[in-house]
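K.L.:
First, the structure itself, so that you have it in front of you.
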Amino acid sequence: VGLMAGGNSMTATDFLKPSKVSAHGEEAAAPFIKKSKEVTLSWSWTGGISGSLIDWIGFAVAGWLIKIAYWVAAIMVFFSQVIFFVSSIIALFMTAFMVFSGTAWMGRGAIGWLVSSGVMLCALATVTSISMPVFESIAFDTVDEFAVNQAVLSSLVMMVLVFASGMIAKGIGNGVAS
């Protein structure tokens, strides 16, 4: 479900491979890095730096933030998979405790952990898949303040969503409104 939110920019098998997730980030950041290389800067002894230094810094920072966000997402996908597999094995054994009312609390906790780790994978899939169309929609035809601000803000939002996906998943899995 999470991967379909972004228009199927990534398949499920690609998402479950962290190297493909980071390669997806390299692909998403490439236009920003390319645009930062195209922005001209000139330096002279008398005039200092002239040109669009802010545009150059903005596009370079946006490109690197996107790369970092996808690298972090790839690491989180790897750990989320490990947690999901471990929690599924533990939940399998803990469901036996749900037969008796005195020990049912142990089984419910294991099932909640399994659900929250599954939701974590779904949240990461949603964030990584919807970010690619957002980054592709940024127009690089004209370099102005709006394009630079849009690039930096969209990369910051991607970074925040990657970090917040864990808290959202834990809240949903534990039944707490987040």
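K.L.:
In whole percent, and with a 1.4 Å probe on the protein chains, what portion of the accessible area of segment 57-127 is carbon and sulfur?
P.N.:
86 percent
K.L.:
Now for a separate question. Given R₀ = 22 Å, what would the calculated FRET efficiency be for residue 27 paired with residue 149, taking r from the Cβ atoms and rounding to 0.05?
P.N.:
Once rounded, the FRET efficiency stands at 0.45.
K.L.:
Follow-up. Quick check: residue separation of residue 19 and residue 68 times 0.36 nm, minus the Cα distance between them. What number comes out in nm?
P.N.:
16.3 nm
K.L.:
How would 146, 15 line up by accessible area, probe 1.4 Å, largest first?
P.N.:
146, 15
K.L.:
Distance from the Cα centre of segment 86-113 to that of segment 55-80, in angstrom?
P.N.:
Rounded to whole Å, the Cα centres lie 37 Å apart.
The values are calculated or read from the model by the stated rules, or taken from the named source; none is laboratory data. The structure displayed is predicted, hence computed values, not measured ones. Here Cβ is always computed from backbone atoms with ideal geometry, including for glycine, and neighbour counts include all displayed protein chains. When the accessible area is computed, the model is the full protein with side chains, heavy atoms only, and any ligands, DNA or RNA have been set aside. Shrake-Rupley method; radii C 1.70, N 1.55, O 1.52, S 1.80 Å.
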